[in-house]
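Inspection log for the structure reproduced underneath, given as structure tokens.
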Amino acid sequence: MNRRTFLGVTAAALTASAAQATRPNVLMIGVDDMNDWVGCLGGYPGVRTPNIDRLASMGALFNNAHCAAPVCNPSRTALFTGLRPSSSGIYDNEQYWRPALPGVLTLPEYFRKNGYHAAGAGKVLHHVAGFNPPDQWDEFQLQIFDDPWYRRAEWYPWVKKEPTPAGYPYNGIKDFQGEFDWGVLPRNEAEYGDMRAVDWAGKFLRKEHTKPFFAAVGLWHPHIPMFAPQKYFDMYPKDRVSLPVTPEDDLADVPPQGEKFAAARREEFERIVKDGKWRDMVQAYLACITFADAMVGQILEFLETSACAKNTIVVFWSDNGWHLGEKRHVHKSTLWQRSTHVPLIITGGPTRERGKARVQPVSLLDLYPTLVDLCGLPANSANEGISLRPMLEHSRAPHPPVVTTYWPGNHSVRDERWRYTRYHDGSEELFDEAADKNEFHNLAGNPKYADVKERLARVMPAKSVAPVFERAAYEFDYRTYSYKLKANH
Ligand SMILES: [Ca+2]
């Protein structure tokens, strides 16, 4: 800068550009359907997640973190828009958020508007065409799937279709079609789809950056199909894999709506059990968690050996949890701990008391305002979460109870000790997580706990907006990324 230019610049502009130059970068690492079977969360003794555990030791582990909705699209939409499902009307996987929420700025859009470079790879927002508009990003590398034979052209137009391979389904369950498969693919570790997102992260982090960046790497694992290299299966010999505890009468005290959520994929669970494959499925899930952990480790190594190592906030999250037979259910989409409890770690920025777990409840909805706060950007008044900065600075800083919502009027609230759920018909569940972490005993009918229920009910959204149109209501053009509501809507 020559002297003439220098004199022409106001002090305020100089301060602003100096702030701009020193703003921290953000590196998000998202995983899919990873529940609390993570070493540092203690959900499954014997699980191997050394890299995620190391990340937790370097920053703040939120060990009571919950998704805003217990399934991919509404959870990720809430995280990236900062809006609750009950405010956005995005409750499930079939609902496009973009045409329903015109004018809403997602995290990458907000960071770009404030001078950041926004970049990503893999499954960040929901993975089906129409859910991740490219205009949010300066650069984005799409998800590369391990099962291209399953990916229909109208949902995944960028995927080159391949014939169904010999040996499919790899889990050996005859006629078990679709996405729910597991096993070892006949390929090297480096050839798995998620490794392309890892490669992307390496290239991106080693580049010279002229602007601060917001980068998001979305790993598919341990989402189904649960494919991983043999060595990860070998870490969990089948005879040492333990199954979840599932009492016969566990659903007896669950209201009909809860039972309905749990029954949505019951056929698949029963088929897996009938074929003697339950333990195999648990083994595959563990293998995929450790595979995901290894990929997280590689991304962290890229960061740590890059020029941006010191000035990058890392956020690690999973969009929702996963059932492996608890309450006779596989998949997610319930309002129990198995579906709502997720790993969440933040390092860098103002984080103190590193390695110390935060036990107060937090929501993935809090990430938007947290990152905006940590990077010194103006607050987005549309955000419905709360900045976690106080909890980063002080491990015992308080946080109000948090809500997970699945379809209108079904809310589940967590505080440090309790889970209180109220379904749309007024039916209820209350679990004492300190005494009953498996949520076997519904205490909602016990008058002794009326005050607990009343206190937790206060944070439930008073109203749930109607669900927005499902994607079948639109004609979506992938080339122009435009949505046209069909005539009959
Ligand atoms: Ca998910």
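The values are calculated or read from the model by the stated rules, or taken from the named source; none is laboratory data. Everything numeric here is computed off the predicted structure, so don't read it as measured data. Quick reminder, even Gly has a Cβ in these numbers, built from the backbone with ideal geometry, and neighbours come from all protein chains shown. Keep in mind that these areas ignore ligands, DNA and RNA; they rest on the heavy atoms of the full protein, side chains included. Shrake-Rupley method; radii C 1.70, N 1.55, O 1.52, S 1.80 Å.
Table: residues versus (1) at pLDDT 95 or above; (2) under 20 Å from residue 336 (Cα atoms); (3) touching a His at 6+ places or on another chain (Cβ under 9 Å).
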residue: 11; (1), (2), (3): no, no, no
residue: 19; (1), (2), (3): no, no, no
residue: 23; (1), (2), (3): yes, no, no
residue: 27; (1), (2), (3): yes, no, no
residue: 37; (1), (2), (3): yes, yes, no
residue: 46; (1), (2), (3): yes, no, no
residue: 50; (1), (2), (3): yes, no, no
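List, please: which pairs have Cβ atoms under 7 Å, are six or more places apart or on different chains, and start with a residue in the range 438-457 that is in contact (Cβ under 8 Å) with a residue 12 or more places away in the chain and end with one that is part of a loop (DSSP other than H, G, I, E, B) and surrounded by 14 or more Cβ atoms within 10 Å (Cβ to Cβ)?
So the pair list comes out as 439/336; 440/250; 442/253; 442/254; 449/443; 453/444; 456/401; 456/415.
Can you pull out the residues in the range 151-174 that are closer than 19 Å to residue 284 by Cα and not aliphatic (A, V, I, L, M)?
So the first thing to find is which residues in the range 151-174 are closer than 19 Å to residue 284 by Cα, and the list is 167-174.
Within the range 151-174, 167, 168, 169, 170, 171, 172, 174 qualify.
Exactly one condition in (1) β-branched (Val, Ile, Thr); (2) open to solvent by 30 Å² or more (accessible area, probe 1.4 Å); (3) in contact with a strand residue (DSSP E or B) (Cβ under 9 Å, 6 or more places away or on another chain) is not met by residue 340; state its number.
(2)
Does residue 120 satisfy the criteria of being over 18 Å from residue 384 (Cβ atoms), open to solvent by less than 10 Å² (accessible area, probe 1.4 Å) and assigned to a strand (DSSP E or B)?
On the way: over 18 Å from residue 384 (Cβ atoms): yes; open to solvent by less than 10 Å² (accessible area, probe 1.4 Å): yes; assigned to a strand (DSSP E or B): yes.
Considered against the rule, which asks whether it is over 18 Å from residue 384 (Cβ atoms), open to solvent by less than 10 Å² (accessible area, probe 1.4 Å) and assigned to a strand (DSSP E or B), residue 120 comes out as yes.
Test residue 33 against the stated conditions and say whether it is part of a loop (DSSP other than H, G, I, E, B), of a type in the set (Asp, Glu) and crowded, with 23+ Cβ neighbours inside 10 Å. Can you show your working first?
Numbers: part of a loop (DSSP other than H, G, I, E, B): yes; of a type in the set (Asp, Glu): yes; crowded, with 23+ Cβ neighbours inside 10 Å: yes.
Taking the combined requirement at face value, the residue satisfies it.
Given 244, 225, which one is in contact with a Gly (Cβ under 6 Å, 6 or more places away or on another chain) and not small (Gly, Ala, Ser)?
Details: 225 fails: in contact with a Gly (Cβ under 6 Å, 6 or more places away or on another chain).
Result: 244 is the single residue among 244, 225 that is in contact with a Gly (Cβ under 6 Å, 6 or more places away or on another chain) and not small (Gly, Ala, Ser).
Being open to solvent by less than 30 Å² (accessible area, probe 1.4 Å) and within 16 Å of the ligand (Cβ to nearest atom) is true for just one of 299, 345, 313, 289. Which residue is that? Full working, then the answer.
Numbers: 299 fails: within 16 Å of the ligand (Cβ to nearest atom); 345 fails: within 16 Å of the ligand (Cβ to nearest atom); 313 fails: within 16 Å of the ligand (Cβ to nearest atom).
Being open to solvent by less than 30 Å² (accessible area, probe 1.4 Å) and within 16 Å of the ligand (Cβ to nearest atom) holds for just one of 299, 345, 313, 289, which is 289.
Only one of these is part of a strand (DSSP E or B) and of a type outside the set (Lys, Arg): 372, 314. Name it.
On the way: 372 fails: part of a strand (DSSP E or B).
Of 372, 314, the one residue that is part of a strand (DSSP E or B) and of a type outside the set (Lys, Arg) is 314.
Go over the candidates 318, 333, 306 one by one and state the one that is surrounded by fewer than 24 Cβ atoms within 10 Å (Cβ to Cβ) and within 15 Å of the ligand (Cβ to nearest atom).
Details: 318 fails: surrounded by fewer than 24 Cβ atoms within 10 Å (Cβ to Cβ); 306 fails: within 15 Å of the ligand (Cβ to nearest atom).
None of the others qualify; the one that does is 333.
Can you confirm whether residue 100 is in contact (Cβ under 8 Å) with a residue 12 or more places away in the chain and under 16 Å from residue 481 (Cα atoms)? Give the steps one after another, and end with the answer.
Values: in contact (Cβ under 8 Å) with a residue 12 or more places away in the chain: yes; under 16 Å from residue 481 (Cα atoms): yes.
Taking the combined requirement at face value, the residue satisfies it.
Taking interchain pairs and intrachain pairs at least six residues apart, which have beta carbon atoms under 6 angstrom, with the first residue in the range 308-328 and in contact (Cβ under 8 Å) with a residue 24 or more places away in the chain and of a type in the set (Val, Ile, Thr) and the second within 16 Å of the ligand (Cβ to nearest atom) and open to solvent by less than 10 Å² (accessible area, probe 1.4 Å)?
315/28
Out of the range 101-117, which residues are under 21 Å from residue 385 (Cβ atoms) and over 21 Å from the mean Cα position of the chain (by Cα)?
To start, the set of residues in the range 101-117 that are under 21 Å from residue 385 (Cβ atoms) comprises 101, 103-114, 116.
Matches in the range 101-117: 103, 112, 113, 114, 116.
May I ask you to verify whether residue 217 is β-branched (Val, Ile, Thr) and over 21 Å from residue 375 (Cα atoms)? Full working, then the answer.
Numbers: β-branched (Val, Ile, Thr): yes; over 21 Å from residue 375 (Cα atoms): no.
It is false that residue 217 is β-branched (Val, Ile, Thr) and over 21 Å from residue 375 (Cα atoms).
For the condition hydroxyl-bearing (Ser, Thr, Tyr), more than 18 Å from the chain's Cα centre (by Cα) and either within 21 Å of residue 403 (Cα to Cα) or surrounded by 19 or more Cβ atoms within 10 Å (Cβ to Cβ) (or both), what is the one hit in 91, 96, 44?
When all the criteria are applied, what remains is 44.
Do any strands (runs of 3 or more DSSP E) lying entirely in the range 376-423 carry at least 3 residues that are β-branched (Val, Ile, Thr) and either within 16 Å of residue 70 (Cβ to Cβ) or open to solvent by less than 60 Å² (accessible area, probe 1.4 Å) (or both), and which ones are they?
Working: elements: 402-405, 411-414, 418-422.
It comes to 402-405.
Every residue in the range 103-117 that is touching a residue at least 12 places away in the same chain (Cβ under 8 Å) and open to solvent by 10 Å² or more (accessible area, probe 1.4 Å), please. Even if it seems obvious, please write down each step before you answer.
So the first thing to find is which residues in the range 103-117 are touching a residue at least 12 places away in the same chain (Cβ under 8 Å), and the list is 104-112, 114-117.
Passing the criteria: 104, 105, 109, 110, 112, 114, 115, 117.
Pick from the range 50-76 the residues that are farther than 21 Å from residue 387 by Cα and within 16 Å of the ligand (Cβ to nearest atom): which of them is surrounded by the most Cβ atoms within 10 Å (Cβ to Cβ)?
Per the criteria, the residue is 70.
Of (1) part of a loop (DSSP other than H, G, I, E, B); (2) open to solvent by less than 70 Å² (accessible area, probe 1.4 Å); (3) on the phi < 0 side of the Ramachandran plot, residue 437 satisfies all except one. Which?
Of the numbered conditions (1) part of a loop (DSSP other than H, G, I, E, B); (2) open to solvent by less than 70 Å² (accessible area, probe 1.4 Å); (3) on the phi < 0 side of the Ramachandran plot, the odd one out for residue 437 is (2).
In the list 182, 137, 158, which residue meets the criterion of being open to solvent by less than 50 Å² (accessible area, probe 1.4 Å) and more than 19 Å from residue 222 (Cβ to Cβ)?
On the way: 182 fails: more than 19 Å from residue 222 (Cβ to Cβ); 158 fails: open to solvent by less than 50 Å² (accessible area, probe 1.4 Å).
Only one candidate qualifies: 137.
Go through the range 134-152 and report how many residues are out of contact with any helix residue (DSSP H, G or I) (no Cβ under 9 Å at 6 or more places or on another chain), part of a loop (DSSP other than H, G, I, E, B) and in contact (Cβ under 8 Å) with a residue 40 or more places away in the chain.
The qualifying residues number 2.
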